[in-house]
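What follows is a set of notes on a single structure, which appears directly below.
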Amino acid sequence: MGKKIQLFLPTYSIDECLAEIRECLEVGWTGIGFKTAKFEEAWKAYSGFPNAHFLNSNTAGLALAMSLYKQERGWKDGDEVISTPLTFVSTNHAIMYERLKPVFADVDDTLCLDPDSVDSKISKKTRAVMYVGFGGNAGRLNDIAALCKKKGLELIIDAAHMSGTKYNGKQAGLGLDCSVFSYQAVKNLPTADSGMICFNDPELDKKARQWSWLGINQDTYARSSLKGGNYKWLYDVDYVGYKAHGNSVIAAIALVQLKYLDEHNVHRRKLSLLYQECLSKSSAVRFVKQLDDCISSRHLFQVMVPEEKRNEAIVHLNTNDVFPGVHYRVNTEYKMYRYGLGSCPRAEKASREIISLPLHMRMTEDDVRHVSNTLLAFLEH
């Protein structure tokens, strides 16, 4: 049996991660604070965001963004957020959690939201746009940002795939209303599971810290730094908040992984270029468009093949020890979003054609050639 080439296989700097975690255990502080505060500062220094709050997942961050904007901006149940159907369900679930309605706009050839489609979906009930940096691609984010500014809409970036994506020379999402990152196990900056919410508004960042810790006005780590006589136990609870903050053990891993993020993304881009070179031999293969103003993190490398061949192509790859994926089944095929089925033909078509090919740090150039040749052999016959 040959080498099995998996879609994702995270790589950790194990000894460094264990040393950071060991410090947490020796100090006896594994929860919020200590390493979480240190990682927030490291992420801000790396990315340029003025505010960053470490959470237990990207999903928690998206939900927190929806909750805070609804409260702070006076949104009502049934108000609308324009989103993409071509994403992981957490993007749109976060909207539904707050009894808001996802209104689906179509994608363009970058597989990110098409500004013209977004514009056509804006109504009197529209309050925000949820933009997904699909696969690490920024798409036409500047055009979306300009549209939101013109229409007075909040712009939330689901940047789960965008750690290290450079857009106009800077970390994608910088300067926009809210960007939410993922450090889940298979992302470019892998931990076990965690995320970061970056509000441009410092007041929203402050409130996010309370809301992610059950509405308590000062977390345990902050209270522990108070000097005697300041009633460390006497905190207040201003809101019925959530328990969504990150912890120091996971932040310890993130601190190490951040050091290698750019280096790892360079490797991913190198493999992606080789994929494109190899697969360009077939007219049956189409690629996701990358615009010149974006240097993608390349969380995913995706191709599109004729839809009548897609599922068989995946089976053929599996039988040759290659295990690709599909990102994503269009959300409008799920029962809670079926009201939007048929409204985004380009996204639906892409969902039937797309294959995510294996891409991770343990892959070699020979692995890329093997995957490519295996797929080409199927398509040619």
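Screening the range 48-151 for strands (runs of 3 or more DSSP E) wholly inside it with 2 or more residues that are among the hydroxyl-bearing types (Ser, Thr, Tyr) and at pLDDT 95 or above returns the ranges 126-132.
Only one of these is of a type outside the set (Gly, Ala, Ser) and in contact with a strand residue (DSSP E or B) (Cβ under 6 Å, 6 or more places away or on another chain): His327, His381, His370, His316. Name it. Step through it out loud before you land on a result.
Values: His381 fails: in contact with a strand residue (DSSP E or B) (Cβ under 6 Å, 6 or more places away or on another chain); His370 fails: in contact with a strand residue (DSSP E or B) (Cβ under 6 Å, 6 or more places away or on another chain); His316 fails: in contact with a strand residue (DSSP E or B) (Cβ under 6 Å, 6 or more places away or on another chain).
After applying the criteria, what remains is His327.
All conditions but one from (1) in contact (Cβ under 8 Å) with a residue 12 or more places away in the chain; (2) open to solvent by 20 Å² or more (accessible area, probe 1.4 Å); (3) touching a helix residue (DSSP H, G or I) at 6+ places or on another chain (Cβ under 9 Å) apply to Glu203; the one that does not is (1). Being under 30 Å from Gly215 (Cβ atoms) and either open to solvent by 50 Å² or more (accessible area, probe 1.4 Å) or within 17 Å of the chain's Cα centre (by Cα) (or both) narrows it down to one residue among Leu273, Leu258; which is it? After ruling out the rest, the residue left standing is Leu258. Taking first residues from the range 4-29 that are in contact (Cβ under 8 Å) with a residue 40 or more places away in the chain and among the β-branched types (Val, Ile, Thr) and partners that are open to solvent by less than 80 Å² (accessible area, probe 1.4 Å) and assigned to a strand (DSSP E or B), the Cβ contacts under 8 Å between residues at least 6 apart in sequence or on separate chains come to Ile5/Val322; Ile5/Phe323.
Residues that are without any contact (Cβ under 8 Å) to a residue 40 or more places away in the chain and either surrounded by fewer than 15 Cβ atoms within 10 Å (Cβ to Cβ) or over 26 Å from the mean Cα position of the chain (by Cα) (or both) were ranked within the range 296-330; the one that is farthest from Met363 (Cα to Cα) is Glu308.
Those residues that are open to solvent by less than 70 Å² (accessible area, probe 1.4 Å) and under 26 Å from the mean Cα position of the chain (by Cα), I need them from the range 6-24; list them, please.
Let us first name the residues in the range 6-24 that are open to solvent by less than 70 Å² (accessible area, probe 1.4 Å), namely 7-11, 13, 16-17, 19-21, 24.
Once the filter is applied, which keeps residues that are open to solvent by less than 70 Å² (accessible area, probe 1.4 Å) and under 26 Å from the mean Cα position of the chain (by Cα), the range 6-24 yields Leu7, Phe8, Leu9, Pro10, Thr11, Ser13, Glu16, Cys17, Glu20, Ile21.
The values are calculated or read from the model by the stated rules, or taken from the named source; none is laboratory data. None of the values given here were measured: they were computed from a predicted structure. Note: ideal-geometry Cβ built from the backbone for every residue, glycine included; neighbour counts use all protein chains shown. Side chains included, ligands, DNA and RNA excluded: accessible areas come from the protein's heavy atoms. Shrake-Rupley method; radii C 1.70, N 1.55, O 1.52, S 1.80 Å.
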